[in-house]
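Heads up: the structure comes next, in structure tokens.
The values are calculated or read from the model by the stated rules, or taken from the named source; none is laboratory data. No experiment lies behind these values; they were computed from the predicted model shown. As a convention, Cβ positions derive from the backbone with ideal geometry for all residues, glycine included, and neighbour counts pool all protein chains shown.
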Amino acid sequence: MNQENNRVIIFDTTLRDGEQSPGASMTLTEKLRVAEMLENLGVDVIEAGFAIASNGDFEAVREVARLMEKTSVCSLARASRKDIDRAWEALRDAKRPRIHTFISTSPLHMKYKLQMEPEQVLEAIADSVSHARSVCPDVEWSCEDGTRTEHDFLCQSIEVAINAGATTINVPDTVGYTVPEEYFSLIKMIHDRVPNIDKAVISTHCHNDLGLGVANSIAGVKAGARQIECTINGIGERAGNAALEEVVMAFKTRQDELPYTTGVVSEHITPASRLVSAVTGLTVQNNKAIVGANAFAHESGIHQDGMLKNAQTYEIMTPESVGLKKSTLVMGKHSGRHAFREKLKDLGYEVGDNQFLDAFNRFKDLADKKKDVFDEDIIALVDDGFRVNEHIRLLSWDISCNSNEAHNAATLELEIDGDVVTVSADGDGPVDAIFKAIKSNCAPNAHLQLYQVHAVTGGTDAQAEVTVRLEEDGKTVNGMAAHLDTMVASAKAYINAVNKLVTKREKTAPAELSA
């Protein structure tokens with residue numbers, strides 16, 4: 001293959017499939033921030049949402065479509081004209097719109113989910129794709145549960161979709177069931193047997209239920225696919241999707257075995273990972289490939305000795321190649337705005353004037369209280385600013401704790417939709433009291449599923465970063481916040497989660513979000 005044929009399209013579905021991760025709901029402001037980051041990262045296509053699912057999803061797709069200058073913007077749609085018309089209504093202002101329509105093709109899904117005969121499915125494919133193509137020049141079609149679809153019917157379905165106008169054919173491993181050799185054979189079979197396949201790009205969409213999402217995606221590319229659907233940090237339904245950062249760095253690091261290129265600027269990967277973690281509340285595990293805290297950490301004496309002699313002894317890529325900077329202690333209470341802005345740029349953040357001023361003021365407050373300000377501290381406070389609190393804000397607090405259980409209490413002053421209220425509660429401990437005070441007034445039906453605290457840096461003056469997971473009527477959300485005071489970080493994280501619950505209530509989808 002020549003170099004042009006080895007260019008792989010990166011289709012990012014963080015804003016659609018990624019947001020379907022339990023607890024990962026994003027506000028419109030957060031989605032727009034992530035979309036801007038994705039365009040700067042260099043992804044080719046952004047799947048911004050499922051326009052018909054809710055008014056919130058429709059608005060997000062429409063605003064992302066209006067915002068993007070270079071990147072294609074896509075909306076998911078089921079195989080119905082109503083879905084497709086709603087998708088196009090949201091996308092019509094995009095410079096490069098794409099409609100992504102899908103229907104199940106496996107015997108299991110057709111029988112129990114769709115309750116349709118194969119002939120009916122073929123008719124639905126032809127009608128939906130042709131209707132989508134009549135309004136939009138770029139149409140992608142997906143065979144949901146493609147890896148469990150009978151080969152003859154799969155090929156027939158793809159041929160019908162291409163004849164109807166599909167320009168991209170996505171073959172999803174919807175339930176993360178396949179393995180690399182099997183997926184390679186499937187894509188190659190499609191490439192060899194579908195007579196009009198040369199008129200479309202083959203795409204992969206591999207879920208990670210067996211931990212094989214990235215491996216399967218790469219196997220698909222080796223068999224002829226030229227688009228990979230993936231997400232930042234691998235977030236998504238159940239165990240998630242193929243991780244964008246792992247796919248991109250596999251290609252970049254192993255050009256000898258994987259001679260493929262993408263348009264992704266790898267130096268923006270770490271800032272992208274941190275932003276998505278911040279706005280979704282989904283923390284990145286320490287041993288996560290490429291972007292985990294331990295990805296470039298070395299504790300073994302043998303490894304440390306090798307690293308000091310030559311970094312390539314134990315590192316197959318440089319930290320700088322993924323946008324990771326070494327932690328320093330150059331920032332402090334005497335640092336000015338110019339130095340702080342340069343530090344943010346060095347850490348990969350481009351923020352607006354209002355956001356910069358807010359981050360700078362919080363940095364100065366932190367520097368007054370903390371002797372040494374690490375890069376990690378600045379990252380934590382900037383990321384904390386990305387967590388939009390639209391309905392509830394913490395204004396002040398009075399928290400008490402001693403050996404007498406009756407005196408574990410919290411009194412909080414909150415602003416709720418513009419009104420200032422004071423809430424109080426006793427608890428088994430100060431955190432319990434804080435959560436009870438907020439819960440009783442703001443989310444009486446919410447149940448705490450997770451409370452997690454970790455120090456951003458070392459030392460007794462380290463900022464605490466708290467993660468809270470709440471469940472309400474089957475909806476799960478994560479809230480995160482950082483502060484020098486663990487109790488304050490806990491209150492802010494709980495409030496952040498409650499705000500996401502409010503957003504989730506507004507975005508309750510009438511449609512089944514799957515692909």
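Worth a mention:
- Residues that are more than 20 Å from THR178 (Cβ to Cβ) and either within 27 Å of the chain's Cα centre (by Cα) or of a type in the set (Val, Ile, Thr) (or both), drawn from the range 141-160: VAL160
- Counted residues, the range 265-299 - those being in a loop (DSSP other than H, G, I, E, B), over 13 Å from THR14 (Cβ atoms) and not hydroxyl-bearing (Ser, Thr, Tyr): 18
- Count - residues of the range 457-484 that are touching a Phe, Trp or Tyr at 6+ places or on another chain (Cβ under 8 Å) and part of a loop (DSSP other than H, G, I, E, B): 1
- Residue selected from the range 32-46 under the condition surrounded by 23 or more Cβ atoms within 10 Å (Cβ to Cβ) and without any contact (Cβ under 8 Å) to a residue 40 or more places away in the chain, by the criterion farthest from VAL502 (Cα to Cα): ILE46
- Taking the range 36-79 as the range and being acidic (Asp, Glu) and in contact with a Ser or Thr (Cβ under 9 Å, 6 or more places away or on another chain) as the test, the residues that pass are GLU39, ASP44, GLU47, ASP57.
- Only one of the numbered conditions (1) under 25 Å from GLU182 (Cα atoms); (2) without any contact (Cβ under 8 Å) to a residue 24 or more places away in the chain is violated by ILE103, and that is (2).
- When the strands (runs of 3 or more DSSP E) confined to the range 157-231 are screened for residues that are touching a Phe, Trp or Tyr at 6+ places or on another chain (Cβ under 9 Å), assigned by TED's automatic domain parsing to the domain that holds GLY146 and of a type in the set (S, T, N, Q), those reaching at least 2 such residues are found at 168-173, 201-206.
Condition check ((1) hydroxyl-bearing (Ser, Thr, Tyr); (2) in contact (Cβ under 8 Å) with a residue 12 or more places away in the chain; (3) crowded, with 24+ Cβ neighbours inside 10 Å) across all residues:
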| site | (1), (2), (3) |
| --- | --- |
| THR14 | yes, yes, yes |
| PRO22 | no, yes, no |
| THR27 | yes, yes, no |
| ALA51 | no, yes, yes |
| PHE58 | no, yes, no |
| LYS70 | no, yes, no |
| SER75 | yes, yes, yes |
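- Note on the range 347-363: among residues that are surrounded by fewer than 18 Cβ atoms within 10 Å (Cβ to Cβ) and in contact (Cβ under 8 Å) with a residue 24 or more places away in the chain, the one that is nearest to the chain's Cα centre (by Cα) is GLU350.
- Selection status of LEU470, modelled with pLDDT of 90 or more and closer than 17 Å to GLU19 by Cα: yes
- Among the residues here, ILE379 qualifies as at pLDDT below 80 and crowded, with 19+ Cβ neighbours inside 10 Å.
- Any chance GLU19 is closer than 24 Å to VAL351 by Cβ, at pLDDT below 95 and assigned to a helix (DSSP H, G or I): yes
- Filtering the range 87-99 for residues that are β-branched (Val, Ile, Thr) and more than 29 Å from ARG62 (Cα to Cα) leaves an empty set.
- Restricting attention to the range 420-448, the residues that are touching a helix residue (DSSP H, G or I) at 6+ places or on another chain (Cβ under 7 Å), of a type in the set (Gly, Ala, Ser), under 19 Å from LEU501 (Cβ atoms) and not in a strand (DSSP E or B) add up to 2.
- Residue that is surrounded by the most Cβ atoms within 10 Å (Cβ to Cβ), among those in the range 94-143 that are touching a helix residue (DSSP H, G or I) at 6+ places or on another chain (Cβ under 6 Å) and of a type in the set (Ser, Thr, Tyr): THR101
Here is a yes/no grid of residues against (1) aromatic (Phe, Trp, Tyr); (2) within 18 Å of SER400 (Cα to Cα); (3) in contact with a His (Cβ under 9 Å, 6 or more places away or on another chain); (4) buried (at least 19 other Cβ atoms within 10 Å of the Cβ):
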residue: ASP417; (1), (2), (3), (4): no, no, yes, no
residue: ASP426; (1), (2), (3), (4): no, yes, yes, no
residue: ALA437; (1), (2), (3), (4): no, yes, no, yes
residue: GLU471; (1), (2), (3), (4): no, no, yes, no
residue: ALA497; (1), (2), (3), (4): no, no, no, yes
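- Yes/no for THR204 being more than 23 Å from HIS131 (Cβ to Cβ) and modelled with pLDDT of 95 or more: yes
Residue-by-condition table, conditions (1) within 28 Å of THR476 (Cα to Cα); (2) touching a helix residue (DSSP H, G or I) at 6+ places or on another chain (Cβ under 9 Å); (3) assigned by TED's automatic domain parsing to the domain that holds ILE235:
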residue	(1), (2), (3)
ASP17	yes, no, yes
PRO22	yes, no, yes
MET26	yes, yes, yes
GLU30	yes, yes, yes
LEU38	yes, yes, yes
ASP44	no, no, yes
ALA48	yes, yes, yes
ALA60	yes, yes, yes
ARG66	no, no, yes
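Results for (1) among the aromatic types (Phe, Trp, Tyr); (2) in contact with an Asp or Glu (Cβ under 7 Å, 6 or more places away or on another chain); (3) surrounded by fewer than 18 Cβ atoms within 10 Å (Cβ to Cβ); (4) not in a strand (DSSP E or B), shown as yes or no for each residue.
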position: ASP383; (1), (2), (3), (4): no, no, no, yes
position: LEU395; (1), (2), (3), (4): no, yes, yes, no
position: GLU413; (1), (2), (3), (4): no, no, yes, no
position: LEU450; (1), (2), (3), (4): no, no, yes, no
position: VAL453; (1), (2), (3), (4): no, no, yes, no
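- Subset of the range 68-81 (residues that are of a type in the set (Ser, Thr, Tyr) and touching a helix residue (DSSP H, G or I) at 6+ places or on another chain (Cβ under 7 Å)): THR71, SER75, SER80
- Restricting the first member to the range 1-12 and to residues that are assigned by TED's automatic domain parsing to the domain that holds LEU38, and the second to residues that are surrounded by 18 or more Cβ atoms within 10 Å (Cβ to Cβ) and modelled with pLDDT under 95, the beta-carbon pairs closer than 9 Å and six or more apart or on different chains are ASP12/GLY18.
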